[in-house]
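So the structure is just underneath, and the comments pick up after that.
Just so it is clear, none of the values below were taken in a lab; they were calculated from the coordinates. The model shown is predicted, which means the values in this text are computed figures rather than measured ones. Counting neighbours? That spans all protein chains shown, and the Cβs are built from the backbone with ideal geometry, glycine included.
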Amino acid sequence: MSFGSSITELPSLLMNMFKNKIFMAVTFTSCSEFSIVVAFLTFMPKYIQDQFSVDPSVAAIMCGGILLPAAGIGIMTGGFFIRKYDLNMFGCAKMALISSSISFILFIPAVLFTCGNAPIAGVNVPYPGESSS
């Protein structure tokens with residue numbers, strides 16, 4: 001398989017790649033999944049640390065202990081479905097899109113969860129001994 005003999009063929013090769021529906025579906029699915037993973041690993045340990053007064057290392061280990069088994073189970077389940085239903089590339093892309101859509105729909109209620117504001121003296125509660133005016 002050759003990628004061309006000169007750099008002038010690069011635009012046409014890129015256009016062929018962007019017209020490939022399966023490639024684009026897998027690319028968009030992977031980008032959305034990896035953005036969720038990166039956001040989880042970036043912000044969740046700090047949130048756990050602040051909310052539950054846990055050391056940073058313990059919070060990071062807890063997040064890794066949740067994410068790694070979940071990723072392993074997801075990979076094994078995806079491989080099982082691909083083998084069981086003998087999916088081709090288009091079937092794999094469709095399965096990835098459907099599973100990502102289901103997880104997105106199931107994640108929507110998480111946006112609706114809210115917590116009350118923490119009492120901060122001078123910001124949303126008066127200082128001790130002062131009247132609220």
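A few notes on this one:
- Model label points for M89 and C31, set 7 angstrom from Cα along the Cα-to-Cβ axis, are 2.0 nm apart.
- Rounded to 10°, Cα long-axis angle of helix 89-112 versus longest principal axis of the chain: 10 degrees
- For K94, a cut-off of 23 angstrom between C-alpha atoms picks up these lysines, skipping any fewer than 8 places away in its own chain: K19, K21, K84.
- Report note on the peptides 110-118, 49-57, 6-14, 95-103: ranked by the mean count of other C-beta atoms within 10 Å, highest first, their order is 95-103, 49-57, 6-14, 110-118.
- Taking Cα atoms only, the orientation of helix 10-19 departs from the longest principal axis of the chain by about 70 degrees.
- Extension gain (nm, one decimal) between D50 and I105, 0.36 nm per residue minus Cα-Cα: 17.0 nm
- Mean residue ellipticity (222 nm) of the chain, computed from DSSP H runs ≥ 4 via -39,500 (n - 2.57), nearest 500: -25000 deg cm²/dmol
- Compared with the dominant principal axis of the Cα atoms in the chain, helix 21-52 is inclined by about 20°.
- Listed values (i) 138; (ii) 190; (iii) 220 include one computed from this model; for volume of the Cα convex hull per residue in Å³ that value carries the label (iii).
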